[in-house]
Amino acid sequence: MSISETIRHIENLEKAARRLEPGHATRRELLNRFVQYGQEFLDKLPNMNAYQESERNGAGLLDHPIPEEGREPEPLLDLLRTEVDTPGLNPASGGHLGYIPGGGVFPSALGDFLAAVTNRYAGVFFASPGAVRMENMLVRWMCSLIGYDETESGGVLLSGGSMANLTALVTARDHAGLKSADYPASVIYTTRHVHHCFGKALRIAGMKEAIVRHIPMDEHLRMRAEELEPQIRRDLKQGLRPFMIFASAGTTNAGAVDPVDELSPLAEKYELWLHVDAAYGGFFLLTEEGRKAIHGLDKADSVIMDPHKGLFLPYGSGALLVKNRRILFESQHYTADYMQDTFEADQEPSPADLSPELSRHFRGLRMWLPLQLFGMAPFRASLEEKIWLCRYFHKKISALSGFETGPEPELSITFFRYVPREGDADAFNRLLLKALHTDGRIFMSSTRIDGKFYIRLAACSFRTHKKEIDRALKLLLEKKAAVEQAFA
Ligand SMILES: *Cc1c(COP(=O)(O)O)cnc(C)c1O
């Protein structure tokens, strides 16, 4: 191509490419329409199902492949409404009492919006000192919540608990100096109720061969600290290499809190990395009741907590906190020639040096904004409300004849089942849960404890109040009666 042809070609391409930048008026139109969609969603939310069975399951999306020329926004919003925001679980609903719901506080959406519009790069201090300061300030706030020393501790915001646990595991491994040849003799101590992302993390870290010891649990489903030391001694005697305790502060199954302050002296004595998975439970430290259940996290080498659970943020927010941020840096940082300008004059640690991520979402803003706009008080109240709602539910359901319940909840998760006079209890509760799902007004999930099928209630959304718990109780009784008839 001659230079003039090249210029003409570039000009034509620019003309087509400029459609990627809508002008002020178009932006306003789009904004209005999408904001209206969000407003309608939230207005209707109290009457929406927590779970919606559907035949098509969103398959209508497939009728609209990615086009060469763009579509109008209106039909796209219709698609979103019918194909995405209707079928399946409704995690925004206060009736969502399954898994671990959070809800999604509204200012987070505004934070995400602005983070995406400005697209600040929060990976490296030099690139966006403000964004990195904001994220580090949130990390320090969480560190102080668990009682870490401010000068030594640190951490990083990640997409969720699974990534945070993986990063913690790798950090512990590197700190212990373990190489692949060591893995078959390396031992990690946990319980059967550890979150399954632990097994996933082991596999991803290439440590499948490592030995996992499930330490027995007490009647509250917490690790029995007194069983740990004899096991460590047996392992040492066998020539194995104990290196990590993977404890939970709030298990997903039962909300049980392992006795971290009894584990930490053993971690110290045997030089084990003490990790606490507080993905679910961590933010209960904001409440007095939570602080009765959870203590000693300041002694842990690493702790994870999920703002998309305990701070009610929308999905996509986890945090890894470490007692000594140097160790995290040593495990996670890496350099490259094209990154050579980034290490100069860093006044703050850069998130890209503290996790596997490089280009990353500026996820601090979605957490900072709600905390700043609302203050901590309503978060504390809502978390404590969840603890009392769970106790209330547990009391009510324990008083109903035929229902068998788990131990008094420590936080805001409990489990139960109906034991029919005759027939298989597992089959009955499966039908009971299915009936609840078909109804859809509230959603609970299930688990297996000691091999038995249990229905599980987790109160962890800021939109869950007494009304939702009462509705759950009422529906349980209704559906139980219906299943009983069918079951007989
Ligand atoms: C939710 C949860 C995880 C996994 O976190 P994600 O954010 O879902 O990746 C890990 N551990 C516990 C205890 C959890 O509750």
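The values are calculated or read from the model by the stated rules, or taken from the named source; none is laboratory data. Bear in mind the structure is a predicted one, so any value in this text is a computation, not a measurement. Virtual Cβ from ideal backbone geometry, glycine too; neighbours counted across all protein chains shown. For the accessible areas, the whole protein counts, side chains as well, though only heavy atoms, and no ligand, DNA or RNA atoms are used. Shrake-Rupley method; radii C 1.70, N 1.55, O 1.52, S 1.80 Å.
Miscellaneous remarks
- Inter-label distance, Arg430 to Arg448: 1.1 nm, where each label sits 7 Å from its Cα along the C-beta direction.
- By average C-beta atoms within 10 angstrom, highest first, the peptides 85-98, 470-483: 85-98, 470-483
- Accessible surface area normalised per residue over the chain is 49 Å², counting heavy atoms of protein chains with a 1.4 Å rolling probe.
- One decimal place: the segment His24-Glu40 gains 3.4 nm when fully extended, by the rule 0.36 nm per residue minus the C-alpha distance.
- Magnitude of the charge dipole, the chain, Cβ model with Lys/Arg +1 and Asp/Glu -1, debye to 20: 1040
- Each of Phe106, Phe41, Leu61 was scored by the projection of its Cα onto the charge dipole of the range 1-150, and the greatest displacement toward the positive side belongs to Phe106; charges sit on the C-beta of Lys, Arg, Asp and Glu.
- Comparing Ser382, Pro349, Leu311 along the charge dipole axis of the chain, the residue lying farthest to the positive side is Ser382, per the Cβ-charge model.
- Gyration tensor (alpha-carbon) shape descriptor, the range 39-156, a/c threshold 1.5: oblate
- Neighbourhood charge, 12 Å Cβ-Cβ cut-off, centred on Phe41 and excluding it, Lys, Arg +1 and Asp, Glu -1: -1
- On the range 88-178, 61 percent of the accessible area sits on carbon and sulfur atoms, based on a 1.4 Å probe.
- Residue-averaged 222 nm ellipticity for the chain, from DSSP H runs of 4+ at -39500 (n - 2.57), nearest 500: -13500 deg cm²/dmol
- Carbon plus sulfur fraction of accessible area for the range 403-462, probe 1.4 Å, in percent: 48
- Of all accessible heavy-atom area on the range 237-363, the percent that carbon and sulfur account for (1.4 Å): 47
- In terms of the mean number of neighbouring beta-carbon atoms within 10 Å, the peptides 55-66, 101-112 order highest first as 101-112, 55-66.
- Placing +1 on the Cβ of every Lys and Arg and -1 on the Cβ of every Asp and Glu, with nothing else charged, gives the range 349-488 a dipole about its Cα centre of roughly 400 debye.
- Taking the charge dipole of the chain about its Cα centre, with +1 at Lys and Arg Cβ atoms and -1 at Asp and Glu Cβ atoms, the residue from Leu77, Ser445, Cys143 reaching farthest to the positive side is Ser445.
- Ordering of 19-31, 240-252 by packing [mean C-beta count within 10 Å, highest first]: 240-252, 19-31
- Computed magnitude of the charge dipole of the range 448-488 (debye, nearest 20; Cβ of K, R +1, Cβ of D, E -1): 160
- Using the Cβ-Cβ distance between Ile204 and Thr86 with R0 = 25 Å, the FRET efficiency computed as 1/(1 + (r/R0)^6) comes to roughly 0.15.
- Amide H contacts of Ile449 (H built 1.01 Å from N, in plane; Pro and chain starts excluded): Tyr454 sit under 5 Å, all sequence-distant by 5 or more or on other chains.
- Taking 0.36 nm per residue of separation and subtracting the current Cα-Cα distance, fully stretching the chain between His64 and Thr151 would add 26.0 nm.
- Heavy-atom accessible area ranking, 1.4 Å probe, most first, across Phe41, Phe374: Phe374, Phe41
- Our summary of shape: the Cα atoms of the range 193-257 have principal axis extents of 34, 31, 12 Å, ordered from largest down, in whole angstrom.
- Considering only the chain, percent of DSSP beta bridges that pair antiparallel, nearest 5: 60
- Shape category assigned to the range 250-366 from the gyration tensor of Cα positions, a/c cut at 1.5: oblate
- Within straight-line cross-link reach of Lys396, lysines at Cα separation under 17 Å, skipping those fewer than 8 residues along the same chain: Lys386, Lys466, Lys467, Lys474, Lys479, Lys480
- Residue-by-residue Karplus 3J(HN,Hα) for the range 237-251, coefficients 6.51, -1.76, 1.60, Hz, glycine and proline x: 4, 7, x, 7, 10, x, 9, 8, 10, 10, 9, 10, 10, x, 6
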